[in-house]
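**Student:** Attaching a single structure in structure tokens format; questions to follow.
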Amino acid sequence: MAVEIIEGCVNCWACEPLCPNQAIFASAPHFLVDENKCTECAGDFDDPQCATICPIEGVIIDDLGIPFNPPGSLTGIPPERMAEAMAEIQAR
Ligand code: SF4
Ligand code: SF4
């Protein structure tokens, strides 16, 4: 039982100090999780602390490959509207 950090992580360091098991470490090209140390925070917190603070959607996944913060969950922008929304923002 362990989470995984995948491509898209922007190496912001937000998650690293929150891990109760020191399972998160800097690597290239992005942070990684030591699967032998990660407990998904069971026994320490109700939710995986790394996923609660991560500002990037979709980069922390569970052992089934399901993201804790799926596309749209943090921005409030549905994935199918993202390209349109980015174009609107860049036109400002
Ligand atoms: S789920 Fe919890 S134990 Fe696992 S890497 Fe994230 S903060 Fe650490
Ligand atoms: S909080 Fe998210 S984006 Fe930041 S280092 Fe951790 S996994 Fe990467």
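**Student:** When only DSSP loop residues count, what GluC sites (Glu not before Pro) in the stretch 1-39 have their Cβ near at most 10 other Cβ atoms within 10 Å?
**Tutor:** Details: sites: E4, E7, E35; in loops: E7, E35.
Listed in order of number, the matching sites are E7.
**Student:** Give, as a single signed number, the net charge of other residues whose beta carbon lies under 14 Å from the beta carbon of T75, with Lys and Arg counted +1 and Asp and Glu -1. Don't skip to the answer; put the middle values down first.
**Tutor:** Numbers: positive: R81; negative: E57, E80, E84, E88.
Within the 14 Å Cβ shell, the charges total -3.
**Student:** Still on this model: Counting helices only, and only those DSSP H runs with n ≥ 4, report the 222 nm mean residue ellipticity of the chain as the sum of -39,500 (n - 2.57) divided by its residues, in deg cm²/dmol to the nearest 500. Don't skip to the answer; put the middle values down first.
**Tutor:** Values: 2 runs with 14 residues, N = 92.
-4000 deg cm²/dmol, from helical runs alone.
**Student:** Pick from A23, A51, A42 the residue whose mean-square fluctuation is largest in a GNM of the chain, springs joining Cα atoms under 10 Å.
**Tutor:** A42
**Student:** For the chain, set up a GNM with springs between Cα atoms under 10 Å and report which of C50, C38, C12 has the largest fluctuation.
**Tutor:** Comparing C50, C38, C12 in the GNM, the peak value goes to C12.
**Student:** When only C-alpha pairs under 8 Å and at least 6 residues apart count, what is the relative contact order of the chain, in percent? Walk me through the numbers on the way to the answer.
**Tutor:** Values: 132 pairs, mean separation 25.8, N = 92.
So the answer I get is 28 percent.
**Student:** Only sites in a loop by DSSP and with at most 16 other Cβ atoms within 10 Å count here; which chymotrypsin sites (Phe, Trp or Tyr not before Pro) in the chain make the cut?
**Tutor:** Of the chymotrypsin sites (Phe, Trp or Tyr not before Pro), the ones in loops of the chain whose Cβ has at most 16 other Cβ atoms within 10 Å are W13, F45.
**Student:** From the P(r) of the stretch 28-82, could you give the percentage of C-alpha pairs in the tail past 12 Å?
**Tutor:** Working: 1041 of 1485 pairs.
Considering the stretch 28-82, 70 percent of its Cα-Cα pairs are separated by more than 12 Å.
**Student:** In terms of the ratio Rg/(2.2 N^0.38 Å) built on C-alpha atoms, what value belongs to the chain? Kindly include the intermediate steps, with their values, before the conclusion.
**Tutor:** Values: Rg = 14.4 Å, N = 92, 2.2 N^0.38 = 12.3 Å.
The reported ratio for this selection is 1.18.
We did not get these values from a lab; they are worked out from the coordinates using the rules stated. Computed from a prediction, not measured in an experiment: that's the story for all the values here. Glycine gets a Cβ as well: all are built from the backbone with ideal geometry, and neighbour counts include every protein chain shown.
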